[in-house]
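The values are calculated or read from the model by the stated rules, or taken from the named source; none is laboratory data. Nothing here was measured: the structure is a model prediction, and the numbers come from that model. Methodologically, a virtual Cβ is constructed for each residue, glycine included, from the backbone with ideal geometry; neighbour enumeration extends over all protein chains shown. Keep in mind that these areas ignore ligands, DNA and RNA; they rest on the heavy atoms of the full protein, side chains included. Shrake-Rupley method; radii C 1.70, N 1.55, O 1.52, S 1.80 Å.
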Amino acid sequence: MRKPTLSLAIAAMAGGLALGAQAQSTYQPQGLYSADDILDAGVYLTGNPDERVGEVEDILFDEAMQITALVVESGNALGLGGREFIVESGRFTLITDLENDGDAEHRVMLEASAEEVEGYPTYNDAWWAQARERSREAWMRTQEGAESAWQATQEGAERAWETTRENARQAWEAARDAVTPDE
């Protein structure tokens with residue numbers, strides 16, 4: 001399944017990429033990365049860096065334009081049968097090599113074994129529906145938490161105001177009684 005590809009530049013973050021993984025390179029970081037350059041990059045296992053697992057088919061972003069996952073098309077590598085699978089942020093790194101002609105070549109390294117990769121979710125309509133539902137539920141929990149926090153803050157402020165007002169009334173009465181002569 002191929003979703004429309006978002007062609008944009010990915011800003012490098014201090015000490016790492018916005019790809020959710022720490023960048024490693026054989027030269028100084030570029031500072032700015034194009035999604036177009038990373039698409040079709042070769043994907044390899046860190047434990048077997050010479051065996052190509054597949055290539056980056058798509059890059060998935062969340063609402064804040066943060067990379068949440070890569071879609072990897074496996075071909076027939078590792079007996080995966082040519083499927084597309086999801087690799088979440090934090091499970092890969094990007095290595096950038098500068099070639100003799102000055103072009104950059106990107107390689108995505110999976111922090112997984114071949115057996116673990118076999119268990120990665122398949123990228124299909126069912127996965128999209130499930131991912132959207134999880135995102136919606138997370139948003140609802142966040143919204144409910146924010147509403148609850150606001151309500152608690154408002155109630156706390158009202159209690160603080162009432163307590164302050166009562167303490168001020170008592171202090172006023174005590175001060176008045178202290179200066180008023182007994183009759």
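Structure summary
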| read-out | value |
| --- | --- |
| Test item: Cα-centred dipole of the stretch 70-151, Lys/Arg +1 and Asp/Glu -1 on Cβ, debye | 440 debye |
| Pair residue 137, residue 116: separation of 7 Å Cα→Cβ label points (nm) | 2.4 nm |
| Gyration tensor (alpha-carbon) shape descriptor, the stretch 83-183, a/c threshold 1.5 | prolate |
| Highest-first arrangement of 103-115, 161-173, where packing means the average Cβ count within 10 Å | 103-115, 161-173 |
| Amide proton proximity set for residue 75, modelled H, under 5 Å, gap of 5+ | 82, 83 |
| Packing-based order for 148-160, 124-136, using average beta carbon neighbours within 10 Å, highest first | 124-136, 148-160 |
| Net charge of neighbours whose Cβ lies under 13 Å from the Cβ of residue 140, counting Lys and Arg as +1 and Asp and Glu as -1 | 0 |
| Accessible-area order (highest first, 1.4 angstrom probe) of the listed residues 95, 67 | 95, 67 |
| Theoretical FRET efficiency, 1/(1+(r/R0)^6), r = Cβ-Cβ of residue 66 and residue 164, R0 41 Å, to 0.05 | 0.45 |
